[in-house]
1. Looking at this structure, is residue 43 assigned to a helix (DSSP H, G or I), modelled with pLDDT under 95 and surrounded by 10 or more Cβ atoms within 10 Å (Cβ to Cβ)?
2. Out of 1, 16, report the one residue that is outside any helix (DSSP H, G or I) and either out of contact with any helix residue (DSSP H, G or I) (no Cβ under 6 Å at 6 or more places or on another chain) or surrounded by 10 or more Cβ atoms within 10 Å (Cβ to Cβ) (or both).
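The values are calculated or read from the model by the stated rules, or taken from the named source; none is laboratory data. Source: prediction; values computed, not measured. In this analysis, Cβ positions are derived from the backbone assuming ideal geometry, glycine residues included, and neighbour counts consider all displayed protein chains.
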C-alpha cells in the first residue's frame, strides 16, 4: 500500500475522531442539563471559570 493511502486513511480517522468527540461532548452536556437543570450547569461553569483566572 502506498504512502498516500496511509496518509489519507490517517486524515480520515482524525476527522472522524474529531466528529465523534464533538458528538460525545454534546451528549454529555445534554445529560448534565437534563439531570441538573440549565441554571445549575451554567452556574457551575461560571464558578470553574472564576477559579481558573
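1. yes
2. Within the list 1, 16, the selection yields 1.
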